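Okay, structure first, notes after.
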Amino acid sequence: MKKTETLIENIERVIVGKRKVVERVVLALLADGHILIEDVPGVGKTMLARALSKSINLKFKRIQFTPDLLPSDIIGVSVWDEREKVFKFREGPIFTNILLADEINRGTPKTQSALLEAMEERQVTVDGITHTLPEPFFVIGTENPIEYEGTFPLPEAQLDRFLMRIRIGYPEPLMEKEMLDRLEKEHPINTIGEVLEPEDILSLKREVINIFVDDGIKNYIVELGNEIRKDENVYLGPSPRSLLFLMRVSQAKALLSSRDFVIPDDVKDLITPVFNHRVILKPEAKLKGITEEKVIEEAVLRVKVPIDEKM
């Protein structure tokens, strides 16, 4: 797709040497999901969110999660208007298109839960009144996997709201050199322009849900989910919601590849980032050094790939 390729190339002017990472963020957006980035500081998490918002002419806001952050600091609060003698709702930073929830695990569980309704239903309820969020609405959450002091691990219900969990990682040395060259005079984030409008994203989302998914692919996704659930090392497997997410993001992958149908490779390419934060291993499995990624990869090897002439 020309529009998606233009968007990805524009973001790559800022995020150097991370094509797959940029693609997956765009895929999550087109699949109407949210994304969790777990990585060390300084690899470009915030810059990736800013580059995405500037490329699509979207409103961007950042919330720095801390232990003293309150739900009202995110959602907003009703304020008494002395002149009109009524309560008026003052919107919080969640009323935006792209929300960067930075170090989300530093917020308390009560504050984290303030995002649940917004991420699932695209609305918030304050004092019994429902307020609709703007479209598109896309949450990019970040976590630091190294520092755990003063953090509150995300509960399963919150993790399940994120379509994918990815890592950016360090760029290759040649790419880091190119990054230094680009940033020598001025940061590229200051020079990139808008290449898409919000209406373009909404249109692409509609195209995604119309991508054909064969029954063989649907059965393949279900079999993969059940294969992981019955693994002896797994305490809790992927939810039914995650199977829907995997199908939807596979449709987005097909659109990105200029196809009007999903193939097994779409599913295999995306199953790990979609499932890795939804699989909970038994304690004894962790002691053996088994990881969620390994369990998922082995399940993919065991499940028979559907064969179809179109594929």
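The values are calculated or read from the model by the stated rules, or taken from the named source; none is laboratory data. In this text, all values refer to a predicted model and were calculated from it rather than measured experimentally. Reconstructed Cβ throughout: ideal geometry from the backbone, glycine too, with neighbour counts over all protein chains shown.
Quick notes
- Leu116 satisfies every condition listed in (1) at pLDDT 85 or above; (2) among the aliphatic types (A, V, I, L, M); (3) in contact with a Lys or Arg (Cβ under 8 Å, 6 or more places away or on another chain) except (1).
- Filtering segment 194-221 to residues that are among the β-branched types (Val, Ile, Thr) and under 20 Å from the mean Cα position of the chain (by Cα) leaves Ile201, Val208, Ile209, Ile221.
- Of the helices (runs of 4 or more DSSP H) lying entirely inside segment 7-110, those containing at least 1 residues that are out of contact with any helix residue (DSSP H, G or I) (no Cβ under 9 Å at 6 or more places or on another chain) and farther than 24 Å from Val267 by Cα are 45-56.
- Flag for Glu199 being surrounded by fewer than 18 Cβ atoms within 10 Å (Cβ to Cβ), in a loop (DSSP other than H, G, I, E, B), without any contact (Cβ under 8 Å) to a residue 24 or more places away in the chain and out of contact with any Ser or Thr (no Cβ under 7 Å at 6 or more places or on another chain): no
- Residue-level analysis places Leu180 among those that are of a type outside the set (Gly, Ala, Ser), over 20 Å from Glu9 (Cβ atoms) and either loosely packed, with under 13 Cβ neighbours inside 10 Å or modelled with pLDDT under 95 (or both).
- The one condition in (1) over 18 Å from the mean Cα position of the chain (by Cα); (2) surrounded by fewer than 19 Cβ atoms within 10 Å (Cβ to Cβ); (3) part of a helix (DSSP H, G or I) that Glu293 fails to fulfil: (1)
- Which listed residue is crowded, with 19+ Cβ neighbours inside 10 Å and hydrophobic (A, V, I, L, M, F, W, C), from Val21, Val40: Val21
- Residue count for segment 206-224 under the criterion of being within 21 Å of Leu27 (Cβ to Cβ), in contact (Cβ under 8 Å) with a residue 40 or more places away in the chain and part of a helix (DSSP H, G or I): the result is 7.
- Restricting Leu224, Leu255 to those that are more than 20 Å from the chain's Cα centre (by Cα) and outside the structural domain of Arg13 (by TED's automatic domain parsing) reduces the list to Leu224.
- Residues satisfying the stated conditions in segment 137-166, i.e. crowded, with 19+ Cβ neighbours inside 10 Å, out of contact with any Phe, Trp or Tyr (no Cβ under 8 Å at 6 or more places or on another chain) and assigned to a loop (DSSP other than H, G, I, E, B): Phe137, Leu154, Asp160, Arg161, Phe162
- Contact map, segment 167-196: first residue hydroxyl-bearing (Ser, Thr, Tyr), second residue part of a loop (DSSP other than H, G, I, E, B), Cβ cut-off under 9 Å, separation 6 or more or different chains; pairs are Tyr170/Val40; Tyr170/Val43; Thr191/Arg13.
- Residues that are at pLDDT below 90 and aliphatic (A, V, I, L, M), drawn from segment 270-308: Ile307
- Selection status of Ile192, in a loop (DSSP other than H, G, I, E, B), touching a strand residue (DSSP E or B) at 6+ places or on another chain (Cβ under 8 Å), at negative phi and among the hydrophobic types (A, V, I, L, M, F, W, C): no
- Top-ranked residue of segment 225-234 - restricted to ones that are without any contact (Cβ under 8 Å) to a residue 12 or more places away in the chain and in a helix (DSSP H, G or I), ranked as farthest from Thr4 (Cα to Cα): Arg229
- The number of residues in segment 111-129 that are exposed (fewer than 12 other Cβ atoms within 10 Å of the Cβ) and in contact with a helix residue (DSSP H, G or I) (Cβ under 9 Å, 6 or more places away or on another chain) comes to 0.
- Scanning segment 235-260 for residues that are in contact (Cβ under 8 Å) with a residue 24 or more places away in the chain, of a type in the set (A, V, I, L, M, F, W, C) and in contact with a helix residue (DSSP H, G or I) (Cβ under 6 Å, 6 or more places away or on another chain) turns up Phe245, Leu246, Met247, Val249, Ala252, Ala254, Leu255, Leu256.
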